[in-house]
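Report on the following structure.
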């Protein structure tokens, strides 16, 4: 039973409203709701789902399907509830111990409590469910076998960590990740997802000359660490310096130059498999012209190679575009016409003058998906084929809905690539064409 707060504040005590509020919160904590649930599935984002006796869905982090659990209801909303896992009464046989000491505190990983094959199965089901529910795609091809990462840990070739404020008067700046509350940061000693070379480098950088200089700024900048396929490491605070040599990476066994601040996939093995699959899809239905939108340093265009007779690259990062032009020259002298600018601005102009039936548009947008002008252009100027690579299945489903329902495209091929094991994220490749 919760204590009833006094209605009379003693002389010099806190205001009555504050005492009443604290008493109310204390009462809530003493009468918090515990329920037992049988969990049926794992939703996109990583939370398992069960239903209370009243039928309301309850989302539970760090749990698995086919488990019987005890949960504390943390948020009871009109349409759903969210709970905190208190006890696993009957565990899924694929549950395992998480190796990371920050797990359940860090805002990054959500699947360290399950064996990796079980995680991959969850993601494959989530992809299909999202395309049905959000994308309204009733008819989908059978997904191709999901591309697993060769390792579930130690795969990241890039880390970005944020400054963590110290105590008043403490001149040392630590770096780390954000907690699950999306507000609080914690100091990171090492990350099990990162390559060992980055974890070895991380604790030394705050005391480097650049690190000490960063600590004196009114607002210290984030720290980024990178590891190349050659085994060399680089780091920078804030924005990457432009006047430094480009990094030397590998794609399908061939060299690729990447500016320090430009995009490169964090999981090299899965990135190679993704590029190879996209190239195979294009080769199975080649068109004369390839438009590589959001091209970066030209990864997918390079992989497609001479299967395309003409190609246009669209990229807003001028250094990445310079590298793309250089990379194409190095790869058998592939000719490309580069267009600097956003895909939203450039693509409509390109398609207005294109031989549409003989054109493939390759999309690899950021997490927010394609901008409205891109989707409108593809609907107004329907091309023969669209290859869409996405790192966010939710925005992918939203964009596919528009392309299918308005643009008249049809999803022909679908595949998942687990670029980010132990996290909620994955890459998806989709091939669309018109009948």
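Do we have residue 387 as part of a helix (DSSP H, G or I), in contact (Cβ under 8 Å) with a residue 12 or more places away in the chain, crowded, with 24+ Cβ neighbours inside 10 Å and in contact with a strand residue (DSSP E or B) (Cβ under 8 Å, 6 or more places away or on another chain) here?
no
Rundown of residues vs (1) without any contact (Cβ under 8 Å) to a residue 40 or more places away in the chain; (2) surrounded by 19 or more Cβ atoms within 10 Å (Cβ to Cβ); (3) outside the structural domain of residue 427 (by TED's automatic domain parsing), yes/no style:
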position: 60; (1), (2), (3): yes, yes, yes
position: 64; (1), (2), (3): no, yes, yes
position: 82; (1), (2), (3): yes, no, yes
position: 146; (1), (2), (3): no, no, no
Scanning segment 180-204 residue by residue, those outside any loop (DSSP other than H, G, I, E, B) and touching a strand residue (DSSP E or B) at 6+ places or on another chain (Cβ under 6 Å) turn out to be 185, 186, 187, 194, 197, 198, 201
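If you check residue 212 against the conditions, is it free of Cβ contacts under 8 Å to residues at least 12 places away in the same chain, assigned to a helix (DSSP H, G or I) and surrounded by fewer than 16 Cβ atoms within 10 Å (Cβ to Cβ)? If you could, list the steps in order and put the result at the bottom.
Details: free of Cβ contacts under 8 Å to residues at least 12 places away in the same chain: yes; assigned to a helix (DSSP H, G or I): yes; surrounded by fewer than 16 Cβ atoms within 10 Å (Cβ to Cβ): yes.
Yes, satisfied.
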Expected output for segment 303-315 (first residue outside the structural domain of residue 255 (by TED's automatic domain parsing), partner buried (at least 24 other Cβ atoms within 10 Å of the Cβ) and part of a strand (DSSP E or B), Cβ below 7 Å, 6+ apart or cross-chain) is none
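Considering only segment 340-350, state which residues are surrounded by fewer than 21 Cβ atoms within 10 Å (Cβ to Cβ) and either outside the structural domain of residue 300 (by TED's automatic domain parsing) or assigned to a helix (DSSP H, G or I) (or both).
Of segment 340-350, the ones surrounded by fewer than 21 Cβ atoms within 10 Å (Cβ to Cβ) are 340-342, 344-345, 348-350.
If the condition is that a residue be surrounded by fewer than 21 Cβ atoms within 10 Å (Cβ to Cβ) and either outside the structural domain of residue 300 (by TED's automatic domain parsing) or assigned to a helix (DSSP H, G or I) (or both), then 344, 345, 348, 349, 350 are the ones that fit.
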Restricting segment 351-381 to residues that are under 20 Å from residue 278 (Cα atoms) and assigned to a loop (DSSP other than H, G, I, E, B), the one nearest to the chain's Cα centre (by Cα) turns out to be 367
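Conditions tested, residue by residue: (1) crowded, with 16+ Cβ neighbours inside 10 Å; (2) in a loop (DSSP other than H, G, I, E, B); (3) on the phi > 0 side of the Ramachandran plot.
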{"residue": "111", "(1), (2), (3)": "yes, yes, no"}
{"residue": "117", "(1), (2), (3)": "no, no, no"}
{"residue": "126", "(1), (2), (3)": "yes, no, no"}
{"residue": "152", "(1), (2), (3)": "yes, yes, no"}
{"residue": "161", "(1), (2), (3)": "yes, no, no"}
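The values are calculated or read from the model by the stated rules, or taken from the named source; none is laboratory data. Keep in mind it's a predicted model, so treat the numbers as computed, not measured. Please note: Cβ atoms are built from the backbone with ideal geometry, for glycine as well, and neighbour counts cover all protein chains shown.
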